[in-house]
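One structure below.
The values are calculated or read from the model by the stated rules, or taken from the named source; none is laboratory data. For clarity, every value in this text was computed on a predicted model and none was experimentally measured. Cβ: placed from backbone, ideal geometry, glycine included. Neighbour counts: every protein chain shown.
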Amino acid sequence: MVLATGYWLPATAYCRSDYPDARAGLREVAGVVVNAHGRRPGAAFAPGAVQREDAHRALPVAECLRLRVRRVHDEEVARRGRLIRSHGMETRYVHDVFGMNLRMAEIQAAIGRVQLGRLSAGNAQRGKNAAYYDDALRGIDGLIVPEQVPGHVWHQYTVRIPGRRDAVLKYLHDHGSGAEVYYPIPVHRQPAFDEGLQLPVSERLATEVLSLPVFPGLTTVERETVAEELKRAMMEA
């Protein structure tokens, strides 16, 4: 486990360093900024839990700033680092602590820069996919489609299925249609934020929502298949 203070150190960069034991043992890199808000780097970790090393030689010239890299010897410190880098999760969609999304690798960043130039076109295609679902699914008993809002980019197309959501989801999965629940546990019930609040509307919606594939690369045949499978699921599940 490697923690980099002040910067997320990609695995490829660290493996270019002259630390053979790191190259042999590295399995994942956590981007944990432990010196946030002006605190001393590593102040949150127990003495002796980590070992400092300079790693500036591991970086490309364009990123030549000095870092402090820590090889973690304490498993609990490593566990907490993994939690912080991945939304505070060990179990999917269960957030034990407040965390961040610090998992981007160099190749993903390079691809993302190119994708930014296609963002508007991708969002427009999402809108077309959502409009198709609106027409295909409206009027089905027990199925509530989302309201069309001007400017919506349709990151998700989320329908509501009161009382039967899990059975419908299983039917779709069994028949090869992609669908997911975003999200099964509302924020106020997450371990990281639970203060005993009672928010019945949020809790009810978490049992009803179901998101259908709406990504820009969805083909006409694929979205038609999803719609038809969902119609059958509403009748048979």
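Per-structure values
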| item | result |
| --- | --- |
| Count of the stretch 84-127 residues which are surrounded by fewer than 15 Cβ atoms within 10 Å (Cβ to Cβ), under 28 Å from residue 222 (Cα atoms) and basic (Lys, Arg) | 3 |
| Residue in the stretch 85-97 that is in contact with a strand residue (DSSP E or B) (Cβ under 6 Å, 6 or more places away or on another chain), in the same structural domain as residue 230 (by TED's automatic domain parsing) and part of a loop (DSSP other than H, G, I, E, B) present | no |
| Lone unmet requirement of (1) in a loop (DSSP other than H, G, I, E, B); (2) at pLDDT below 90 for residue 71 | (1) |
| Hits in the stretch 213-237 (condition: in a helix (DSSP H, G or I), hydroxyl-bearing (Ser, Thr, Tyr) and farther than 13 Å from residue 175 by Cβ) | 220 |
| Some residue of the stretch 109-117 being within 30 Å of residue 237 (Cα to Cα) and at pLDDT 90 or above | no |
| Looking only at the stretch 131-186, and only at residues there that are among the β-branched types (Val, Ile, Thr) and assigned to a loop (DSSP other than H, G, I, E, B), the one that is surrounded by the most Cβ atoms within 10 Å (Cβ to Cβ) | 161 |
| Test for residue 183: is it under 20 Å from residue 234 (Cα atoms) and at pLDDT 90 or above | no |
| Contacts under 9 angstrom Cβ, first residue in the stretch 130-156 being outside the structural domain of residue 210 (by TED's automatic domain parsing) and without any contact (Cβ under 8 Å) to a residue 40 or more places away in the chain, partner surrounded by fewer than 17 Cβ atoms within 10 Å (Cβ to Cβ) and among the aliphatic types (A, V, I, L, M), 6 or more apart | none |
| Complete set of residues in the stretch 155-205 that are under 20 Å from the mean Cα position of the chain (by Cα) and of a type in the set (D, E, K, R) | 180, 189 |
| Residues within the stretch 144-154 that are over 22 Å from the mean Cα position of the chain (by Cα) and among the hydrophobic types (A, V, I, L, M, F, W, C), tallied | 3 |
